[in-house]
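Before I ask anything, let me first share the structure, which is written out below as C-alpha cells.
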Amino acid sequence: MTIKLEPNARSMAAHVIERVRRESAFAAAVLDAALERYPEIDPRERALATELTYGVLRTAPHLETRLAKHATRGTDHLDEAVRAHL
C-alpha cells in the first residue's frame, strides 16, 4: 500500500522512509527525487523533510522499540507505509 505523496514535509519524509525500507533504496537519492518533484515547496518545508527523513532513519531502532511498547499486537504486522507514518 503506497500512500500518495502530498507536497508537504511530513508526507514527503514518510514516502522516502517507506521506499528506503521497502525497496532498500538509497535515502539521499529518493529524497532528492521527491524534492525535485515539488520545486515550489518552501525551503523550510524542504529542510524539515530532510531532517525528518534522516532523523527517523538514524534513530529507527529506538523508535521501533518505543512504538512496540505501546502497540498491543506489536508493529511487525503493520504495512511499511503505516510504519513510515508512525
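Quick check: is even one residue across segment 37-48 surrounded by fewer than 15 Cβ atoms within 10 Å (Cβ to Cβ), in a helix (DSSP H, G or I) and among the acidic types (D, E)?
no
Additional query: Hey, could you check segment 62-81 for residues that are over 14 Å from the mean Cα position of the chain (by Cα) and part of a helix (DSSP H, G or I) and say which is modelled with the highest pLDDT?
Within segment 62-81, the match that is modelled with the highest pLDDT is H62.
In addition: Residue by residue through segment 22-46, note down the ones that are modelled with pLDDT of 95 or more and in contact with a Leu (Cβ under 8 Å, 6 or more places away or on another chain).
A27, R46
Across segment 49-61, which residue is nearest to A13 (Cα to Cα) among those that are in a helix (DSSP H, G or I) and polar (S, T, N, Q)?
Residue satisfying both the conditions and the ranking: T53.
Quick test for you: out of A49, A84, pick the one residue that is small (G, A, S) and modelled with pLDDT under 90.
From the options A49, A84, the qualifying one is A84.
The values are calculated or read from the model by the stated rules, or taken from the named source; none is laboratory data. Since the model is a prediction, treat every value here as computed from it, not as a measurement. Because the Cβ atoms are built from the backbone with ideal geometry, glycine has one as well, and the counts that use them run over all protein chains shown.
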